Amino acid sequence: MACYTANSILSNMKTLSNKIIIYDDVCPLCKAYTNSFVNLGWLLPDHRVGFSSASSELLASIDLDRARHEIPLYDTQTKETLYGKEALFFILGEEFPVFKPLFKLSLFRFLIHGLYQIITYNRRIIAGSKAPISGFDCAPDFNGFYRWLYISLTALVSLLIGLANINVWTTPIIGFLIVIGIGIIRSFFIKNFIKKTDYYGHLTTVLLVMNIIAMMAIFSGLVLSILVPLGAYWLAWRLR
């Protein structure tokens, strides 16, 4: 068994040593999970490359338009590229073969595809990322359906958490609600449809974060009296 396990690990390392993952290096979410692949030893450090620093030869080897929406995993030997959930399924499947049958189930693939699309089309909204100073900018196209789906889901989850915490929110929330009200009123003056949806995306993201903080707090008025004004200030600055 030990010999088999060791051979399996070596085989996986050999397979993944040929793979290069190219990620959105201005997106904290993308940085975090691709860096975890390296820290866990699943990918070689120099095989994790940011789009803004990727060589022209590497970028020419992949479908750039598709890569902006689905993270590419490029094979240096076969010259083939896996994109999006297929790239993630491949990495996870090589490390955890027991999950390979799950990755083939139609319902599971459908659910993961939907979740992946929501995140990838809104990743710059979720993280508040800006375009890189230099190099290739892999910002996704605007997709109204997935943008408003994200806004609706985050608003709904935020509302449910807020209702559950209704006895927790005390006086400090008044200041936060005032800033939110001002933020909503300000949106009426944004004429551009895409900019307005970006604005609502940022707004609902901040609302969700603040509600999660309140839920995780030790239900202390002192804690909320510090966190809520800071959150309100951040919201005012982020939506300025």
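Nothing in this text is a laboratory measurement; each read-out follows from the coordinates by a stated rule. Small disclaimer: the values here were computed from a predicted structure and weren't measured. We place every Cβ from the backbone using ideal geometry, glycine too, and count neighbours over all the protein chains shown.
In table form, for the structure just shown:
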quantity: Under 5 Å, built H, 5+ apart or other chain: amide partners of Y23; calculated: V49, G50, F51
quantity: Local electrostatic count at V26 - Lys and Arg +1, Asp and Glu -1, tallied over other residues with Cβ under 13 Å; calculated: +2
quantity: Inter-label distance, nm, simple model (7 Å from Cα along the C-beta direction), Y33/K191; calculated: 3.9
